[in-house]
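Here the structure is laid out as structure tokens; the discussion comes afterwards.
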Amino acid sequence: MSFKPTPFWLTALAVPFFATPLLATAEEATLSLPNEATVGVEVVEELAFESNQTRLNDILLHPTQAAGASHSLPEYCVIVGSAQLVDERIRVTTQEATCIETHDADSDIFTGEFSASAYDEDSQYGIACEGSPCTLSPGQPFLLTLDQPVEIVEQDNPSAELNEQRRQADGEGIANPVPREEAVPD
């Protein structure tokens, strides 16, 4: 999965959402949602379809509260998708997601396939287009309905591993040096 390092991606990760559907065990955590689950999302930045434009790729979405959502995503989550303008409706489909679930000083990272389609709050496929050019703006919630179940196993988190090594070093060695009282020799 590839993300372009943009301020919008970082903004999307920083937007909080309140509940999480994670199933956790001592060894691993899994981001798990059933087929046809619905989650509330919104775009990270405004999407505008110009008169001759019918498709936008690599759009970014993040979780938000939306009426009718059956499930929720982790607090920090970015979903990558595409949008297509068809019959005055914006049809959004998604391909993949990266989510981070935090637990005090630790975090779990989930990256994987996330196949879903957008439905407006009127339960119709696609989001109704208002105005010209047709736009979708942050703060305009809509529902994503999963096309298949989501089961994403936790990814390795190198940052968490480094932090654990530092905690275990207990002030010894390079991982977590303790300042000396005397000057360090050349």
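The values are calculated or read from the model by the stated rules, or taken from the named source; none is laboratory data. What you are looking at is a predicted structure, and each value in this text was computed from that prediction instead of being measured. Glycine gets a Cβ as well: all are built from the backbone with ideal geometry, and neighbour counts include every protein chain shown. Accessible surface areas use protein heavy atoms only, side chains included; no ligands, DNA or RNA. Shrake-Rupley method; radii C 1.70, N 1.55, O 1.52, S 1.80 Å.
Looking at (1) open to solvent by less than 40 Å² (accessible area, probe 1.4 Å); (2) of a type in the set (Gly, Ala, Ser); (3) modelled with pLDDT under 95, which one does Gly68 not meet, given that it meets all the others?
Gly68 satisfies every listed condition except (1).
Hey, Ser107 hits all of (1) surrounded by 12 or more Cβ atoms within 10 Å (Cβ to Cβ); (2) modelled with pLDDT under 85; (3) not in a strand (DSSP E or B); (4) not acidic (Asp, Glu) but one; which does it fall short on?
(3)
Test of understanding: among Glu113, Glu101, Glu130, which residue is of a type in the set (D, E, K, R) and touching a residue at least 40 places away in the same chain (Cβ under 8 Å)?
After ruling out the rest, the residue left standing is Glu101.
Of all the residues that make up region 75-85, how many are of a type in the set (Ser, Thr, Tyr) and either surrounded by 21 or more Cβ atoms within 10 Å (Cβ to Cβ) or closer than 15 Å to Ala118 by Cα (or both)?
1
Looking only at region 1-54, count how many residues are modelled with pLDDT of 50 or more and open to solvent by less than 30 Å² (accessible area, probe 1.4 Å).
Summing the residues that are modelled with pLDDT of 50 or more and open to solvent by less than 30 Å² (accessible area, probe 1.4 Å) in region 1-54 gives 15.
Going through region 86-98 one residue at a time, which ones are farther than 16 Å from Tyr119 by Cβ, surrounded by 20 or more Cβ atoms within 10 Å (Cβ to Cβ) and not hydroxyl-bearing (Ser, Thr, Tyr)?
Ala97
Take Glu101 and tell me if it is under 28 Å from Glu154 (Cα atoms), part of a loop (DSSP other than H, G, I, E, B) and either modelled with pLDDT under 95 or open to solvent by less than 20 Å² (accessible area, probe 1.4 Å) (or both).
Considered against the rule, which asks whether it is under 28 Å from Glu154 (Cα atoms), part of a loop (DSSP other than H, G, I, E, B) and either modelled with pLDDT under 95 or open to solvent by less than 20 Å² (accessible area, probe 1.4 Å) (or both), Glu101 comes out as no.
Return yes when Asn57 is open to solvent by 60 Å² or more (accessible area, probe 1.4 Å) and without any contact (Cβ under 8 Å) to a residue 24 or more places away in the chain and no when it is not.
No, not satisfied.
Are any of the residues in region 84-94 closer than 18 Å to Asp147 by Cβ, part of a loop (DSSP other than H, G, I, E, B) and either out of contact with any Ser or Thr (no Cβ under 7 Å at 6 or more places or on another chain) or without any contact (Cβ under 8 Å) to a residue 24 or more places away in the chain (or both)?
no
Residues checked against (1) in contact with an Asp or Glu (Cβ under 6 Å, 6 or more places away or on another chain); (2) more than 20 Å from His103 (Cβ to Cβ); (3) at pLDDT below 80; (4) not hydroxyl-bearing (Ser, Thr, Tyr):
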site	(1), (2), (3), (4)
Ser123	no, yes, yes, no
Ser132	no, yes, yes, no
Phe142	yes, yes, no, yes
Gln148	no, yes, no, yes
Glu154	yes, no, no, yes
Leu162	no, no, yes, yes
